[in-house]
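**Q** The structure that follows is given in the form of structure tokens.
The values are calculated or read from the model by the stated rules, or taken from the named source; none is laboratory data. Note that the coordinates shown come from a computational prediction; the quantities given were computed from them, not determined experimentally. Cβ atoms come from the backbone with ideal geometry, glycine included; neighbour counts cover every protein chain shown. Just the protein is used for accessible areas: all its heavy atoms, side chains included, with ligands, DNA and RNA removed. Shrake-Rupley method; radii C 1.70, N 1.55, O 1.52, S 1.80 Å.
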Amino acid sequence: MTHSIKFWAVVPAAGVGKRMNADRPKQYLELDGKTVIEHTLLRLLKADVFTAVAVAISKEDPYWPELDVSAHQQVITAAGGKERADSVLSALKSIRELASDNDWVLVHDAARPCITTTDIHHLITSLVNDDVGGILALSSHDTLKNVQGNGIVGTLDRRHIWRALTPQMFRYGLLKSALEAAEGNPAITDEASALELQGLQPKIVEGRPDNIKITRPEDLALAQFYMEHQND
Ligand code: CTP
Ligand code: MG
């Protein structure tokens, strides 16, 4: 009965933002009058498709309870984990009484505040009838090199190389069991890789290039620029 299928968002937000080198985790840095994580969550809520958004937050995080959005009725707080995959699994477990195995889950990094309704709807309409699910991705414009030490040993075939973004969209039951099966495996840096390990082939859906992940200090100004030029 497809009419009863729900959509859930899961937001891993328990990282420390080492590469950002700031005085607090990057999701709490300010961008255009709000913290990064507020932008991210308000944009997910604005897409108007999710029953709830489960957010994984570190135990030692003093910033989260201070934000109004942490008390939003569609926002569920879960414990963070050691690695990103552990945080995602913890958030999935926090909705186990509410979600069905066939429901769709869109996992989206807290550190991607420029996500648009267009991209969320595009991902969902592209995959809603898919058996496995898939991810937003970008092709590479640059030529890509295989490097050992600091010497180039080969050139990759760009037609087969995509950059994995988020949201990544999978069925609740399949995603949870794939992450449980992969627990502790350091190669699992996104949800798709956990499904790949099960022998499945997640689809790619071409995303927008403005859906950047805040990673290094210069990314904040870039995110600000994109936000000023987005109109959806
Ligand atoms: N994340 C998480 N739990 C972890 C590690 C990361 O929920 N144990 C989240 C981050 O908060 C972020 C997303 O996963 O929203 C993507 O991770 P990344 O960009 O690597 O963020 P950090 O790990 O915080 O940054 P860094 O790797 O530079 O330390
Ligand atoms: Mg990290």
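**Q** Yes or no: ILE95 open to solvent by less than 20 Å² (accessible area, probe 1.4 Å), touching a residue at least 60 places away in the same chain (Cβ under 8 Å) and touching a Phe, Trp or Tyr at 6+ places or on another chain (Cβ under 8 Å)?
**A** yes
**Q** Whether any residue in the stretch 42-55 is more than 15 Å from ligand 2 (Cβ to nearest atom), outside any helix (DSSP H, G or I), open to solvent by 70 Å² or more (accessible area, probe 1.4 Å) and in contact with a helix residue (DSSP H, G or I) (Cβ under 6 Å, 6 or more places away or on another chain) is what I want to check.
**A** no
**Q** Go through ALA91, ALA78, ALA99 for me and flag whichever is in a helix (DSSP H, G or I), closer than 19 Å to LEU44 by Cα and not charged (D, E, K, R).
**A** Exactly one of ALA91, ALA78, ALA99 is in a helix (DSSP H, G or I), closer than 19 Å to LEU44 by Cα and not charged (D, E, K, R), namely ALA91.
**Q** Condition check: among the charged types (D, E, K, R) and more than 16 Å from ligand 1 (Cβ to nearest atom). Does ASP109 satisfy that?
**A** Judged against the criteria, ASP109 is not a match.
**Q** Do the conditions hold for ASP86, that is, is it within 13 Å of ligand 1 (Cβ to nearest atom) and of a type in the set (Asp, Glu)?
**A** yes
**Q** Also, I was wondering about something else. Kindly indicate whether any position in the stretch 141-153 is touching a residue at least 24 places away in the same chain (Cβ under 8 Å) and open to solvent by less than 70 Å² (accessible area, probe 1.4 Å).
**A** No - not one qualifying residue is present in the stretch 141-153.
**Q** Restricted to the stretch 156-181, and to residues that are of a type in the set (Gly, Ala, Ser) and under 23 Å from ARG112 (Cβ atoms), which residue is least open to solvent (accessible area, probe 1.4 Å)?
**A** The qualifying residue least open to solvent (accessible area, probe 1.4 Å) is ALA178.
**Q** If HIS72 passes every condition in (1) over 20 Å from LYS213 (Cα atoms); (2) within 16 Å of ligand 1 (Cβ to nearest atom); (3) free of Cβ contacts under 8 Å to residues at least 60 places away in the same chain but one, which one does it miss?
**A** Only one criterion is unmet by HIS72, namely (2).
**Q** Assuming HIS122 fulfils every condition listed in (1) assigned to a helix (DSSP H, G or I); (2) in contact with a strand residue (DSSP E or B) (Cβ under 8 Å, 6 or more places away or on another chain); (3) free of Cβ contacts under 8 Å to residues at least 40 places away in the same chain apart from one, which condition is it?
**A** Answer for HIS122: the failing condition is (3).
**Q** Hey, another quick one. Consider the stretch 1-23. How many of its residues are within 15 Å of ligand 2 (Cβ to nearest atom) and in a loop (DSSP other than H, G, I, E, B)?
**A** Within the stretch 1-23, residues that are within 15 Å of ligand 2 (Cβ to nearest atom) and in a loop (DSSP other than H, G, I, E, B) number 7.
**Q** I've got another one for you. Of the residues VAL128, VAL107, VAL132, which single one is open to solvent by less than 70 Å² (accessible area, probe 1.4 Å) and within 16 Å of ligand 2 (Cβ to nearest atom)?
**A** From the options VAL128, VAL107, VAL132, the qualifying one is VAL107.
Residue-by-condition table, conditions (1) of a type in the set (Gly, Ala, Ser); (2) in contact with an Asp or Glu (Cβ under 9 Å, 6 or more places away or on another chain); (3) at pLDDT below 95:
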| position | (1), (2), (3) |
| --- | --- |
| ASP61 | no, no, no |
| VAL75 | no, no, no |
| GLY80 | yes, yes, no |
| LEU89 | no, yes, no |
| GLU97 | no, no, no |
| SER100 | yes, no, no |
| ASP109 | no, no, no |
| LEU123 | no, no, no |
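**Q** Let me ask something else. Among the strands (runs of 3 or more DSSP E) lying completely within the stretch 131-178, list those that include at least 1 residues that are among the charged types (D, E, K, R).
**A** Result: 145-148, 162-171.
**Q** Sticking with this structure for a sec: I need every pair where a residue in the stretch 11-26 that is among the polar types (S, T, N, Q) has its Cβ under 9 Å from the Cβ of a residue that is open to solvent by 20 Å² or more (accessible area, probe 1.4 Å) and away from ligand 2 (no atom under 13 Å from the Cβ), sequence separation at least 6 or different chains.
**A** ASN21/PRO217
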